[in-house]
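The values are calculated or read from the model by the stated rules, or taken from the named source; none is laboratory data. Predicted model only: the values in this text are computed from it and were never measured. No Cβ is skipped: glycine too gets one built from the backbone with ideal geometry, and neighbour counts run over all protein chains shown. Ligands, DNA and RNA are excluded from the accessible area calculation, which covers all protein heavy atoms including side chains. Shrake-Rupley method; radii C 1.70, N 1.55, O 1.52, S 1.80 Å.
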Amino acid sequence: MKNFSILVLLAVFFLGACQQPVKKNTTMIKNPLLGNFDTPFGVPPFSKIKATDYQEAFKKGIEQQNAEIEKIVNNPNAPSFSNTIESLEQSGKLLNRTNTIFENILSANTSDTLQKIAKEEAPILSAHADNILMNRQLFKRINAVYQQKGNLKLNTEQNTLLEKTYKRFVRGGAKLSAADKEKLKEINGKLSVFSLQFGDNVLADNNAFQLYLTDKEDLAGLPPSVVEAAAQTARNHGKTSGWMFTLNKPSLIPFLQYSARRDLREKMFKGYIMRGDNNNQNDNKAIVKQMVNLRLQKAKLLGYPTFSDYVLENSMAKTPQNVFKLLGQITPAAMNMARKEAASLQKLANAEGSHFKIQPWDWWYYTEKLRKQKYNLDDAELRPYFALENVRKGLFKVLQKLYGISFKLNKDIPVYQKDVRAYEVHEADGKLIGILYMDFYPRSTKQGGAWMTAYRKQYRENGKNILPVISVNYNFTKPAGDTPALLSMDEVETMFHEMGHALHGLFSQCQYESLSGTSVPRDFVEMPSQIMENWAVEPSVLKSYAKNYKTGKPIPDALIRKMEASSRFNLGFTLTEYLAASWLDMDWHTITKPFTGKVNTFEKEAMNRIHLIPEIVPRYRSTYFNHIFSGGYASGYYSYVWAEVIDADAYQAFKENGLFDKATATRFRNDILSKGGTEDPMKLFKAFRGRAPKPDAYLKKKGLK
Ligand SMILES: [Zn+2]
């Protein structure tokens, strides 16, 4: 299969070259982004792409799509689904491919040059998208097709494509007056640049902070593995001795959990929560202000009262009221749990003879102590059972048992960074499904957090199925010295989570690229990912993969029992910090008048309204809330809990029929994972579950009912 693909590509490549003048051929070799990818499975030829190649490819890609649009508009035949909607869907291949690779590398392996190019290209690409969406003649044709939709005899997927294309144009300003179109273009251009600047600022502030320790006494309380990792970090930063801690989670969290030095915990914690709020060149407050106001302006221009109304029209939740309703149902109970937790922590601190009120930088430390006291369970006791390789193998095994698929490491597939691994993913019968990149560790060139993305989405072209190229990105604890990467339980769940997104991309069986894989509403997209986290912590599954990295012995039953007993421990905190961020997101995007106040005051007032206790800060404060100011989650951060209600209910089906019941797994794959965005998510869920989702399973799981 592999060799076959290469041959086909080579043939196309050389055929093209023979028919073209020599000069064109050299251009193709010079800029690999312009030609066919002469690589195994046609993945991007990463090592051959120079940063400067992108700009040429963007320019050519835009020209190419403009010519394609011109052709659609000037078609003498009456507008039809095929000559308008499908032709538009198929346009812009070079631009899409270039943009996909560029954005993915910008997140996973950035450089100053790439960041500079991104900022130069953002307004150009935004204007190009606007030019298409606001092209009057093009919309006239789309509208003509849309008006006859009842008579076109389209199948479900075609109908969805027509529906979504029409809506995308209307939401993109197609019906606006010429003057308002110009206004919208300007707003979109500014937003595209601000959102990049926001993310760059967070990364810069994140990297600027270092806690460099040279005195052994400063390490009080830290377990040896944490100390060793910090020594490694110091060496990586060019120090010959000492220990360094950074704001990357694998460095920050263990420090907060174990450091007995309250002053240093405070320093680390504040370093983290003050990102983008240091009144330096990386400050994001002015950007937040401008972005929320531009978004409000955009919503109003398009006829919506708030930006949330505009965003949520395309979601499962549909309206801000529905989101507020769900958040309102859960928050008081979560906050109550958190209040009780804070009281227990205070009691513990008092018992130790401390004379202070628990502060946010104390929470992790006393929580770890209390966990140990209550359950005799220590995060450091668990980690040896979660060596990264064992977890990965365990995850692959789970997927094999559920779906029959297998993974084969292939070192011939080009990667964009030496630590990245590429796998072929195969069906039970050996048929290739797609390619999967796994990128595990933090780098200064990589965004924080974890995410899944596609380098190439699945779709069909001239009857041929184009295989997806998917990537999962993490920021896991790195191996230190002779010790392999030992993950926290949270990291284990994250590994499973992103793989759930990956399956959504890999199992896609769609005709159209724009509808395939994870092209679903935000509040549905987290369902396939979150459902995977359930398997990670099932006792029978734990037994199969959680093996001590030194002895190879499976995790003892007693430890599993302790994990189960403590599964709701600190849940009030986790829920509360998440919900606080969700409220903050919704509050920023439901403003009805331009915001003229202070960002920090707005944030404080929003948190007061939900009675957030002072021991907890929202998981993301405004100035480093990348999800909503630099990612695509504006008015969408609530999606995780929305999707959790649905995934808990979906997982219930596996609980009822058997965790690895083949029939249930097959239905989940066929009814949901393979369908992408070709149908309404509620319909997909009902097809799988036989009814609409119920919140019972979620509320029970969280102890909220
Ligand atoms: Zn996710």
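At-a-glance table
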{"read-out": "q = 0.20, 0.23 Å⁻¹, region 244-357: log10 I(q)/I(0) [Debye, one scatterer per Cα]", "value": "-1.09, -1.15"}
{"read-out": "Computed log₁₀ I(q)/I(0) - Debye formula, equal Cα scatterers, no solvent, the chain, q 0.09, 0.10 Å⁻¹", "value": "-0.85, -1.07"}
{"read-out": "At most 12 other Cβ within 10 Å, DSSP loop - trypsin sites (Lys or Arg not before Pro), region 381-444", "value": "411, 418, 431"}
{"read-out": "Positive-end residue of 329, 315, 555, charge dipole of the chain with Cβ unit charges", "value": "315"}
{"read-out": "222 nm mean residue ellipticity, helices alone, for the chain (DSSP H n ≥ 4; -39,500 (n - 2.57); rounded to 500)", "value": "-18000 deg cm²/dmol"}
{"read-out": "Binned Cα-Cα distance frequencies in region 53-95 - 5 Å width, integer %", "value": "6, 25, 27, 19, 11, 7, 4, 1"}
{"read-out": "Region 118-242, relative contact order in percent, only Cα pairs under 8 angstrom and at least six apart counted", "value": "31 percent"}
{"read-out": "339, 691, 171, ranked by accessible area, largest first (probe 1.4 Å)", "value": "339, 691, 171"}
{"read-out": "Inter-site label distance for residue 151 and residue 596 at 7 Å from Cα along Cβ, in nm", "value": "5.5 nm"}
{"read-out": "Contact order normalised by residue count of region 379-496, Cα under 8 Å, 6+ apart, percent", "value": "26 percent"}
{"read-out": "Rounded, prolate or oblate (a/c below 1.5 giving rounded, otherwise prolate when a/b exceeds b/c) for region 666-705 by Cα gyration tensor", "value": "prolate"}
{"read-out": "Cα-based shape type of region 404-560, given that a ≥ b ≥ c are square roots of the gyration tensor eigenvalues and the cut on a/c is 1.5", "value": "prolate"}
{"read-out": "Prolate/oblate/rounded label for region 508-624 (Cα gyration tensor, a/c 1.5)", "value": "oblate"}
{"read-out": "Nearest 10 degrees, 0 to 90: helix 262-273 Cα axis against the chain principal axis", "value": "10 degrees"}
{"read-out": "Tilt relative to the chain, helix 224-236 - C-alpha long axis, 0 to 90 degrees, to 10", "value": "50 degrees"}
{"read-out": "Farthest positive-ward along the chain dipole, Cα basis, beta-carbon charges - from 208, 484, 98", "value": "98"}
{"read-out": "Residue 216 accessible area, assembled protein chains, probe 1.4 Å, Å²", "value": "150 Å²"}
{"read-out": "Percentage relative contact order, the chain, counting C-alpha pairs under 8 Å, at least six apart", "value": "15 percent"}
{"read-out": "In Å², nearest 10: area of residue 660 left accessible to a 1.4 Å probe", "value": "50 Å²"}
{"read-out": "Reach of residue 547 by Cα under 14 Å, taken over aspartates and glutamates that are not fewer than 8 positions away in the same chain", "value": "381, 389, 557"}
{"read-out": "Positive-end residue, the chain charge dipole about Cα centroid, Cβ charges, pick of 398, 165, 111", "value": "165"}
{"read-out": "Fraction of beta bridges assigned by DSSP in the chain that are antiparallel (%, nearest 5)", "value": "85 percent"}
{"read-out": "Accessible area (Å², 1.4 Å probe, nearest 10) - residue 557", "value": "80 Å²"}
{"read-out": "Distance between modelled label sites at residue 286 and residue 182, nm, 7 Å Cα→Cβ extension", "value": "2.7 nm"}
{"read-out": "Residue order for 253, 69 - accessible surface, 1.4 angstrom probe, largest first", "value": "253, 69"}
{"read-out": "Stretch gain in nm, segment residue 336-residue 444, where the contour uses 0.36 nm per residue and the Cα spacing is subtracted", "value": "35.0 nm"}
{"read-out": "Degrees separating the helix 522-536 axis from the principal Cα axis of the chain, which is the longest one", "value": "50 degrees"}
{"read-out": "Computed FRET value (nearest 0.05) for residue 412 with residue 80, which takes r as the C-beta separation and R₀ as 45 Å", "value": "0.55"}
{"read-out": "Debye, to nearest 20: dipole size of the chain, +1 on Lys, Arg Cβ, -1 on Asp, Glu Cβ", "value": "700 debye"}
{"read-out": "Rounded FRET efficiency, nearest 0.05, which uses the C-beta distance separating residue 262 from residue 241 and R0 of 30 Å", "value": "0.75"}
